[in-house]
Amino acid sequence: MMGMYSKIPFMSFSTTTAYILAGATATGKTSTAQILAEQMGCGILSADAMLVYKGMDIGTAKPTVAERGHVLYTGIDLVSPSEPFSTGRWIESAADTLKLSVASGTPAGPVPPKASLIVVGGTGLYIKALTDGMHSAVAHPDVRSKWQTVFEQSGINGLQIAIQQRAPEGLKFLTDLSNPRRLLRALEQLETQGTLPDQWKKNDASKAPVVVLSLPREQLHRRIIQRVDQMFRDGFIEEVRALRNVYPTWSATAAKAIGYEEVCALLDNTLTQEAAREKMIIRTRQLAKRQETWFRHQTQAQWLTITEHDTPFAIAERVLYLWRHHGPTTIQIPR
RNA sequence: GGCGAGGUAGCUCAGUUGGUAGAGCAGCGGACUGAAAAUUCGCGUGUCGUGGGUUCGAUCCCCACCCUUGCCA
């Protein structure tokens, strides 16, 4: 009876490896990865759910073309802000570059080893999907919106009842039963595939860990403030204004991106600039905390505590040491 | 200077007809399989402005003082 709910759809994966650098926002992952990619002569795959949007540059702290130098970046600028996106689409794109990087073999650079790709990002879900493989139903926006209507009409309870009707023991296999998103997704998958979403193992000590950069909370908070202020100085408001002219309507996800939501409100005169700044700082802090929680519990992590005074080069050196020591992380890509 | 209003959690404020107090936000912690910068769950001891007085007992009532703020001068 349990098998009925834990059935895994047939899907085949191939295995490869990559060096992975993760961490909360504003810890300096990007500049560190840039240095390492230059030293290792390899490309960078971004694992960041907001860098996928074209034109959303300043507010997402996307590395500029100048900063990228000769390093090839993938996983960025995949869709326009008006297009809906999904984790699955990111995986597909990631799989393409991973296949290429396997084919191209060992990079030219000096020391480090065989993996010819660096994965950097703060989106834990994307990284977990890479290391643990994601085998679940593809996104069905139409089915999802149908259940969204049910939720609006009969609340969280209506969703729980619907799940029970389709899978009598189903609620026992789910966590977070008061989270509409999760129940909506469960129903979406039940309806399209007949199974409930599986649960990942917390972490897998048998594989090489992901290196996770961490800055003491107080220092991180200071850096977040500096970063938000720098965004405004770099013309963030102008970027959003121009982007809105090109794309009048944005996907739900892009519209909720930190900074973009606030600056849109600022442009609509429903928020002062000071209030927008304050909200951006607070939301970024909250994001960073959630990211750390994820990496703490959901990934096999090798933490690297840095300070605000460390230079990117010094940090890169320590990351490289850890990568060399542990070796690249095994990842699974859909065939 | 006069009159009024107010000083309670990091912030905005509620409350106790006298038995030492609780919301929102912030913060902290947790969850997380195709929307994830999303979504969601949990965590509330603080000289109740200071000093006196009344009282078995004061954050609450009384007096003085300090501070903030509004109006009038």
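The values are calculated or read from the model by the stated rules, or taken from the named source; none is laboratory data. Source: prediction; values computed, not measured. Neighbour counts run over all protein chains shown; Cβ positions are idealised from the backbone, glycine included. In case anyone asks, the SASA skips ligands and DNA or RNA and just uses the protein heavy atoms, side chains included. Shrake-Rupley method; radii C 1.70, N 1.55, O 1.52, S 1.80 Å.
How many residues are among the small types (Gly, Ala, Ser) and either farther than 20 Å from A:Cys42 by Cβ or open to solvent by 30 Å² or more (accessible area, probe 1.4 Å) (or both) when one looks only at the stretch A:85-99? Let's see the steps before the verdict.
Going through the stretch A:85-99, the residues among the small types (Gly, Ala, Ser) turn out to be A:86, A:88, A:93-95.
From the residues that got through so far, the ones that are either farther than 20 Å from A:Cys42 by Cβ or open to solvent by 30 Å² or more (accessible area, probe 1.4 Å) (or both) too are A:86, A:88.
Result for the stretch A:85-99: 2.
How many residues does the stretch A:9-30 hold that are in a helix (DSSP H, G or I) and surrounded by fewer than 17 Cβ atoms within 10 Å (Cβ to Cβ)? Before you say what the answer is, go through the steps one by one.
Step one: filter the stretch A:9-30 for residues in a helix (DSSP H, G or I), giving A:29-30.
The next check asks that each one be surrounded by fewer than 17 Cβ atoms within 10 Å (Cβ to Cβ); those that pass are none.
Of the residues in that region, 0 qualify.
Would a scan of the stretch A:56-75 turn up a residue that is of a type in the set (D, E, K, R), under 16 Å from A:Val240 (Cα atoms) and open to solvent by 40 Å² or more (accessible area, probe 1.4 Å)? Break it down stepwise before answering.
First, the residues of the stretch A:56-75 that are of a type in the set (D, E, K, R): A:57, A:62, A:67-68.
Then keep just the ones that are under 16 Å from A:Val240 (Cα atoms); that gives A:57, A:62.
Within this subset, residues satisfying the condition of being open to solvent by 40 Å² or more (accessible area, probe 1.4 Å) are A:57.
The answer is yes; a qualifying residue exists.
Against the conditions (1) over 23 Å from A:Lys29 (Cα atoms); (2) more than 9 Å from RNA strand B (Cβ to nearest atom); (3) open to solvent by 40 Å² or more (accessible area, probe 1.4 Å); (4) in contact (Cβ under 8 Å) with a residue 60 or more places away in the chain, where does A:Gln300 fall short? Just the number, please.
Of the numbered conditions (1) over 23 Å from A:Lys29 (Cα atoms); (2) more than 9 Å from RNA strand B (Cβ to nearest atom); (3) open to solvent by 40 Å² or more (accessible area, probe 1.4 Å); (4) in contact (Cβ under 8 Å) with a residue 60 or more places away in the chain, the odd one out for A:Gln300 is (1).
Restricting the first residue to the stretch A:154-177 and requiring it to be assigned to a helix (DSSP H, G or I), which pairs with a second residue that is exposed (fewer than 12 other Cβ atoms within 10 Å of the Cβ) meet a Cβ separation below 7 Å and a spacing of at least six or different chains?
A:Ile156/A:Ser178
State the number of residues belonging to the stretch A:297-319 that are in a helix (DSSP H, G or I) and either under 11 Å from A:Ala22 (Cβ atoms) or of a type in the set (Val, Ile, Thr) (or both).
Within the stretch A:297-319, residues that are in a helix (DSSP H, G or I) and either under 11 Å from A:Ala22 (Cβ atoms) or of a type in the set (Val, Ile, Thr) (or both) number 3.
May I ask you to say which residue of A:Thr97, A:Thr74 is at pLDDT 95 or above, hydroxyl-bearing (Ser, Thr, Tyr), more than 25 Å from A:Glu238 (Cα to Cα) and in contact with a Ser or Thr (Cβ under 6 Å, 6 or more places away or on another chain)?
Answer to the selection: A:Thr74.
If you scan the stretch A:258-296, which residues turn out to be open to solvent by less than 20 Å² (accessible area, probe 1.4 Å) and in a loop (DSSP other than H, G, I, E, B)?
Listed by number, the list holds a single entry, A:Gly259.
Please state which of the following conditions A:Glu308 fails to meet, knowing it meets all the rest: (1) open to solvent by 70 Å² or more (accessible area, probe 1.4 Å); (2) more than 22 Å from the chain's Cα centre (by Cα); (3) of a type in the set (D, E, K, R).
Only one criterion in (1) open to solvent by 70 Å² or more (accessible area, probe 1.4 Å); (2) more than 22 Å from the chain's Cα centre (by Cα); (3) of a type in the set (D, E, K, R) is unmet by A:Glu308, namely (1).
Of all residues in the stretch A:187-205 being in contact with a helix residue (DSSP H, G or I) (Cβ under 6 Å, 6 or more places away or on another chain) and hydrophobic (A, V, I, L, M, F, W, C), which is farthest from A:Arg166 (Cα to Cα)?
A:Trp200
Filter the stretch A:180-205 for residues that are part of a loop (DSSP other than H, G, I, E, B) and either closer than 19 Å to A:Met134 by Cβ or basic (Lys, Arg) (or both) and give the result.
A:Gly194, A:Thr195, A:Leu196, A:Pro197, A:Asp198, A:Gln199, A:Trp200, A:Lys201, A:Lys202, A:Asn203, A:Asp204
Of everything in the stretch A:123-164, what is acidic (Asp, Glu) and either under 28 Å from A:Ser12 (Cα atoms) or within 8 Å of RNA strand B (Cβ to nearest atom) (or both)? Give them in sequence order.
Residues satisfying the conditions are A:Asp132, A:Asp142.
Does A:Pro216 satisfy the condition of being modelled with pLDDT of 95 or more and more than 13 Å from RNA strand B (Cβ to nearest atom)?
no
Scan the stretch A:127-152 and report the pairs whose first residue is within 9 Å of A:Glu188 (Cα to Cα) and whose second residue is outside any helix (DSSP H, G or I), with Cβ atoms within less than 8 Å and a gap of 6+ or a chain change.
Once the first residue is within 9 Å of A:Glu188 (Cα to Cα) and sits in the stretch A:127-152, its partners that are outside any helix (DSSP H, G or I) give A:Ala137/A:Pro9; A:Ala137/A:Thr195; A:Ala139/A:Ser86; A:Pro141/A:Pro84.
Six or more apart or on different chains, Cβ atoms under 7 Å: show the pairs whose first residue is in the stretch A:49-74 and more than 8 Å from RNA strand B (Cβ to nearest atom) and whose second is among the charged types (D, E, K, R) and open to solvent by 20 Å² or more (accessible area, probe 1.4 Å).
Pairs that qualify, where the first residue is more than 8 Å from RNA strand B (Cβ to nearest atom) and the partner is among the charged types (D, E, K, R) and open to solvent by 20 Å² or more (accessible area, probe 1.4 Å), are A:Lys54/A:Asp77; A:Asp57/A:Glu239; A:Ile58/A:Asp234; A:Ile58/A:Glu239; A:Gly69/A:Glu38; A:Val71/A:Glu38.
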